[in-house]
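Below you'll find the structure, written out as structure tokens, and then a few comments.
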Amino acid sequence: MSVTYEIRGDVAVLRMSNPPVNGLGIATRRGLVESLDRALDDDAVRAVVVTGDARAFSGGADIREFNKPEASQEPTLPTVIARFERSTKPLVAAIEGLALGGGLELALGMNARVADSAALIGLPEVKLGILPGAGGTQRFPRAAGLEVALNMIVSGEPVKAKRLAATRLFEKLVDSDTVGAAVEVARGMVGGSLPRVRDMRVEHPNPEGFLGFARGAVAAAAASYPAPLKCIDAIEAAVKRSFDEGILVEREAFAVLVNTPESKALRHVFFSDRAASKIPDVASDTPQREVRRVGVIGAGTMGGGITMNFLNAGIPVTLLETAQEPLDRGLGTIRRNYESSAKKGKLTAEQVEQRLGLLTPTLRYEDLADADLIIEAVFEDYAVKKAVFEKLDAVAKPGAILASNTSTLDVNRIAALTARPESVVGMHFFSPANIMKLLEVVRGSATAKDVLATVMAIAKKIGKTAVVSGVCDGFIGNRMIEQYGRQAGFLLEEGATPQQIDHAAESFGFAMGPFRMSDLAGNDIGWAIRKRRLVEQPDLIYSKTADLLCEMGRFGQKAGKGWYDYKPGDRKAYPSAEVEAMVAEYARGIGVPPRDIPDSEIVERLVYALVNEGARILEEGIAARASDIDVVYLYGYGFPVWRGGPMFHADSVGLFNVLASMRRFAKGHQGSDWEPAPLLVKLAAEGGSFNG
Ligand code: NAD
């Protein structure tokens, strides 16, 4: 039963029951209408309360119905709400847990609302590039006031019910027995006239002024995110027009938004995010190992950030270093990071001490004996890692998971150093590790399923979005970014400047273009990796301008000069005549004449280089699904969210078109790089797409 029916004296209580959050799927919508009819037909019933459970009144539309015909099957949510609004008996919502999206819209169609003061209230539709489409843009401003409603609709951020106490939204806020209070409110309305939100007026002393201000505030993002402006249009209709006209404006805006590429991309991101946590051959009920205490080895850039993740989640960490000096330095950085958060008001002094209190620094491996998960973040050098893993294997307790944060080394080779390869896994964090959301979980050929299940769960606990990658050079993210970086280098050789390439990438929506990014990370890092790789692969193809740059000591921001010039105390990148001269001379030397390169070609070459390598990663089974690759790029590499990730973007352009561009690039400079991945060729021929 998706809606249960109970009688409390002369009041019927309709209780939604569609776990986990009472999504308003077709069965629930039908159940609501049928139960209401039953209550209206029963002369002994004088009023009705609609509720959910302690976890949720309703989380809104049932996401399992997204893009399925059930979503538009009658009774649709607007139909249910219209029926509720016409009820001849008082109808009161009793809200606990949360009322989001369609759940809140349903409550707004009733005569009154009673909420637990801690319940979460919101209209998050804008985050999917749409707007509340069941009257939310019309009823919510009437009930909550123009400013509160507009801020919540345009941001999509939920708030606690008690923050809305000053508005007309709730008849009553309670701290216990919400249903009991709602029953009393409903009873009190019997015999009186029934208030309806649709009959209220939107209150504000200067609606014109406020709407103008709000438009200005969201206009900057308007092209990439059309939904917020449409939300304001609909809210303006709530202020200026009749209720029924306003509903039409909302409907029309919804129909436009739901078909925009931005909304399709945002919905793709929403589902990709959820899909990433599922591993096809690891059942969701796989038993997990318990992780009560974590060990981290190496208190450098990554080790410190990784440690903070666990401390933030209340999990004690033992942090090991080789000597007191680097240990103290690492601890100092962690403390400073927390203190700076405290200064910004993000943490209290007490919370800082609480977190630091969970941290045990050490120089002795024996202190890791009781850790359930140990993450290694020492120098990226196989010999150093080898020594660490051999010692770890000796001291770690049976069943402890041993993880490496390596960016480039072979996790299978590391696993083979131990007598427990099934307990070894890669946990590839991104810098800064306490901030970046992405975690690549690298699955070795021997990694046990319960280890994977445990690591995925712990990732969630520390607020990361984890994606599983097979073992290969660079895993998903860095393997692809290498191709992107190569194209950036070849574009330089052909006559584009770093600033032109960065500008093109940033106009496409990347947070930072390839050269500014490289200057930030340090150009010497890639240089060191290339030197190592050239030993094994002397014919490695890439633009040597990157090496020449390092030979000039231009390591990036930290050196005050890289692809750009920097001034002390200023992070702004200034074009460098020295770099341009070096690149031009190099290009002359290899016989590449400069040409004007359109920005569109720059963007296509950068992005399709990612796509082509992504297609290989997919067909080799390194990534389980195209959407996992998208998630890696969205959360780890600043790919524009509203484009849905590189693979989704390629699908939107059309794989036939992507392939045609690649074939064109194959005729140009370093064209051999454009050998298309067989999977791409196959899908393009079939008219298929990566994301199915
Ligand atoms: P780092 O040089 O900042 O820190 C390494 C730390 O390990 C140093 O404090 C060093 O004293 C310590 N250390 C070295 N040998 C040790 C040993 N035997 N036992 C204990 N501690 C030891 O390096 P980092 O940037 O933090 O990188 C660490 C690892 O993370 C590397 O494998 C790297 O590839 C990987 N990684 C780095 C980044 C990044 O952006 N920096 C991103 C992802 C992964």
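The values are calculated or read from the model by the stated rules, or taken from the named source; none is laboratory data. From a predicted model like this one, the values you see are computed outputs, not experimental measurements. Don't worry about glycine lacking a Cβ; one is built from the backbone with ideal geometry, like all the others, and counts go over all protein chains shown.
Need a quick list: helices (runs of 4 or more DSSP H) entirely within the stretch 341-438 having at least 1 residues that are within 15 Å of the ligand (Cβ to nearest atom). Please lay out each step first, then the result.
Values: elements: 349-357, 382-395, 411-415.
It comes to 382-395, 411-415.
Among the residues making up the stretch 29-51, those that are surrounded by 20 or more Cβ atoms within 10 Å (Cβ to Cβ) and out of contact with any strand residue (DSSP E or B) (no Cβ under 6 Å at 6 or more places or on another chain) are 29, 36. For beta carbons closer than 8 Å, sequence separation of 6+ or different chains, a first residue in the stretch 310-336 that is polar (S, T, N, Q) and a second that is in a helix (DSSP H, G or I) and more than 12 Å from the ligand (Cβ to nearest atom), the qualifying pairs are 312/355; 318/367.
Would you mind finding the one in 586, 633, 566, 608 that is in contact with a Phe, Trp or Tyr (Cβ under 6 Å, 6 or more places away or on another chain) and on the phi < 0 side of the Ramachandran plot?
Values: 586 fails: in contact with a Phe, Trp or Tyr (Cβ under 6 Å, 6 or more places away or on another chain); 566 fails: in contact with a Phe, Trp or Tyr (Cβ under 6 Å, 6 or more places away or on another chain); 608 fails: in contact with a Phe, Trp or Tyr (Cβ under 6 Å, 6 or more places away or on another chain).
Result of the check over 586, 633, 566, 608: 633.
The set of residues in the stretch 164-187 that are without any contact (Cβ under 8 Å) to a residue 40 or more places away in the chain and not in a loop (DSSP other than H, G, I, E, B) comprises 180, 184. Among the residues of the stretch 341-356, the one identified as more than 17 Å from residue 435 (Cβ to Cβ), surrounded by 10 or more Cβ atoms within 10 Å (Cβ to Cβ) and among the charged types (D, E, K, R) is 353. Just so you know, in the stretch 105-149 the residues that are part of a helix (DSSP H, G or I) and of a type in the set (S, T, N, Q) include one that is farthest from residue 242 (Cα to Cα), and it is 137.
Does residue 301 fit the bill of being within 16 Å of the ligand (Cβ to nearest atom) and at pLDDT 95 or above?
Numbers: within 16 Å of the ligand (Cβ to nearest atom): yes; at pLDDT 95 or above: no.
So residue 301 does not fit the description; no.
If you check residue 233 against the conditions, is it part of a helix (DSSP H, G or I) and under 25 Å from the mean Cα position of the chain (by Cα)? Judged against the criteria, residue 233 is not a match. Summed over the stretch 312-340, the residues that are away from the ligand (no atom under 16 Å from the Cβ) and surrounded by 17 or more Cβ atoms within 10 Å (Cβ to Cβ) give a count of 3. The single condition among (1) outside any helix (DSSP H, G or I); (2) within 23 Å of residue 461 (Cβ to Cβ) that residue 322 does not satisfy is (2). Please verify whether residue 280 is of a type outside the set (Asp, Glu), in the same structural domain as residue 459 (by TED's automatic domain parsing) and out of contact with any helix residue (DSSP H, G or I) (no Cβ under 9 Å at 6 or more places or on another chain), treating the condition exactly as stated. Answer is no for this residue.
Taking residue 96, is it over 28 Å from the mean Cα position of the chain (by Cα) and of a type outside the set (A, V, I, L, M, F, W, C)? When the stated conditions are applied, residue 96 does not pass them.
State whether one or more residues within the stretch 195-212 are touching a strand residue (DSSP E or B) at 6+ places or on another chain (Cβ under 8 Å), on the phi < 0 side of the Ramachandran plot and not charged (D, E, K, R). Yes: the stretch 195-212 contains one or more residues that are touching a strand residue (DSSP E or B) at 6+ places or on another chain (Cβ under 8 Å), on the phi < 0 side of the Ramachandran plot and not charged (D, E, K, R).
Among the residues of the stretch 52-70, count how many are within 20 Å of residue 114 (Cα to Cα) and surrounded by 22 or more Cβ atoms within 10 Å (Cβ to Cβ). Qualifying residue count for the region: 6.
Only one of these is hydrophobic (A, V, I, L, M, F, W, C) and surrounded by fewer than 18 Cβ atoms within 10 Å (Cβ to Cβ): 219, 186. Name it.
Numbers: 186 fails: surrounded by fewer than 18 Cβ atoms within 10 Å (Cβ to Cβ).
Of 219, 186, the one residue that is hydrophobic (A, V, I, L, M, F, W, C) and surrounded by fewer than 18 Cβ atoms within 10 Å (Cβ to Cβ) is 219.
Which residues, taken from the stretch 543-558, are at pLDDT 95 or above and out of contact with any helix residue (DSSP H, G or I) (no Cβ under 8 Å at 6 or more places or on another chain)? Matches in the stretch 543-558: 551 only.
Filtering the stretch 290-303 for residues that are among the basic types (Lys, Arg) and under 14 Å from residue 455 (Cβ atoms) leaves an empty set.
On the stretch given as the stretch 212-244, residues that are free of Cβ contacts under 8 Å to residues at least 40 places away in the same chain and not aromatic (Phe, Trp, Tyr) total 16.
Of all residues in the stretch 503-516, count the ones that are touching a residue at least 40 places away in the same chain (Cβ under 8 Å) and either in a helix (DSSP H, G or I) or on the phi > 0 side of the Ramachandran plot (or both).
Within the stretch 503-516, the subset touching a residue at least 40 places away in the same chain (Cβ under 8 Å) is 503-505, 507-512, 514-516.
From what is left, the residues that are either in a helix (DSSP H, G or I) or on the phi > 0 side of the Ramachandran plot (or both) are 503-505, 507-509, 514-516.
Count: 9.
When 618, 540 are checked against the criterion of being assigned by TED's automatic domain parsing to the domain that holds residue 678 and at pLDDT 95 or above, 618 stands alone in meeting it.
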